[in-house]
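**Q** Supplied in structure tokens, the structure appears directly below.
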Amino acid sequence: MRSPFKYFISSCFIFFAFSVAHGQKKKETKLPPPSYVPTGIRIGTDLIDLGKTYSGKTFKGWEMNADIDFFKYYLALDIGNWAKNLSLNNGAYSNFGNYYRVGVDVNFLGKDPDRNMFFLGFRVGHSQFNESLSYLATSTYLFLPASIQTSNGNVKGGWGEVTSGLRVKIWKGLWMGYTARLKLAPNTKGSNPAMAPFDMPGYGIVHNKPWWGFNYQVFWRFAWKKDKVIPIKK
């Protein structure tokens, strides 16, 4: 799997390539005065999760993303499903659950007629999942290793995120981009106090504080109102 840095470089390349391609249009037109009435909704999915699902055996999952514009502010919602099967030195761990994130992005390219985005934002995440652990316990008081199985059902958790990224209009309603996430302050509560939650869907390894996330996304924008661009008089 490619590193987040390589995804960042490729996304920047896409963004600047299309900025150059549309440069003449941007010089000749501008958006009308700000309006906070939404003009469309953008719906997409994370390509990294799909790639990990179809290329490996340890992760199965998907994530759907949506945002709606209020001038330069975007209300964003992510929902996802996550299952892992991890091999340990003396056992195995598995989990399965769902999560969502909701928050706001601020577009710093708000005057771009094509609505390309460089954004900063914030998310609040929530997860609900089950997990199980099986392992061989060894002790000087046991003649043979003991096989132990334990589980944690109906675990609930939450966290916060600081986000940044790009959204680039490729063709008509087709958009591509990435979101980088700095995940903060995870908290969990399960039904088994003897088993501390290990891997929270949507967040990752719970004891990693903070934790990084990265999504490479493709969107389709459903517009119900077209922007009326204003020609710039020379």
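The values are calculated or read from the model by the stated rules, or taken from the named source; none is laboratory data. Bear in mind the structure is a predicted one, so any value in this text is a computation, not a measurement. Note that we place each Cβ from the backbone using ideal geometry, even for glycine, and neighbour counts take in every protein chain shown. Only protein heavy atoms, including side chains, enter the accessible area calculation; ligands, DNA and RNA are left aside. Shrake-Rupley method; radii C 1.70, N 1.55, O 1.52, S 1.80 Å.
**Q** Of the residues that sit in region 54-70 and are open to solvent by less than 20 Å² (accessible area, probe 1.4 Å) and of a type outside the set (Asp, Glu), which one is farthest from residue 100 (Cα to Cα)?
**A** Filtering first and then ranking leaves 59.
**Q** Still on this structure, I have one more. If I ask for residues that are modelled with pLDDT under 95 and open to solvent by less than 30 Å² (accessible area, probe 1.4 Å), which ones from region 106-116 would you list?
**A** If the condition is that a residue be modelled with pLDDT under 95 and open to solvent by less than 30 Å² (accessible area, probe 1.4 Å), then 110, 112, 113, 114, 116 are the ones that fit.
**Q** When you look at residue 73, is it open to solvent by 10 Å² or more (accessible area, probe 1.4 Å), over 22 Å from residue 98 (Cβ atoms) and at pLDDT 95 or above, yes or no?
**A** When the stated conditions are applied, residue 73 passes them.
**Q** Let me ask something else about it. Among 191, 164, 147, which is hydroxyl-bearing (Ser, Thr, Tyr), modelled with pLDDT under 95 and either surrounded by 15 or more Cβ atoms within 10 Å (Cβ to Cβ) or not in a loop (DSSP other than H, G, I, E, B) (or both)?
**A** The conditions single out 147.
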